[in-house]
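To keep things clear, I will list the structure first and then write my remarks on it.
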Amino acid sequence: MNSPSILKVMLCWTHCFLLGILLILTTYAQATTHTGQVVAITDGDTIKLLTPAKQQIKVRLADIDTPDMQVPSKK
C-alpha cells in the first residue's frame, strides 16, 4: 500500500466531515423564535414585527417562494 495516498484519502474525509459539521451548526445558529404583532408586510416573505419590548424587527420567512411586491415607479 502506498501510505501517501492513504493519508490524502483520510485528509479528504476529515475535511468533508468538518465541513458537514460546520454547515449543520451554522444552520441551527441562525434560527430564532420571536413573538409580537405584525405591523407591516414588506414583501411576500418579509414582515415587520413589533416585539413586546416595542422594537420593530424585520423577519424573513424561510422556505417561502413568493414574488417580490411591484412598486410603481415615480415618473
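Read the figures in this text as sums done on the coordinates, not as results from a lab. These numbers were taken from a predicted model, which means no experiment stands behind them. Counting neighbours? That spans all protein chains shown, and the Cβs are built from the backbone with ideal geometry, glycine included.
Between beta-carbons, use under 10 Å as the cut-off and find the net charge around residue 64, counting Lys and Arg +1, Asp and Glu -1. Residues close to residue 64 contribute a combined charge of -3.
Could I have the simple spin-label model distance between residue 63 and residue 14, label points 7 Å from Cα toward Cβ, reported in nm to one decimal? Result for the modelled spin labels: 3.5 nm.
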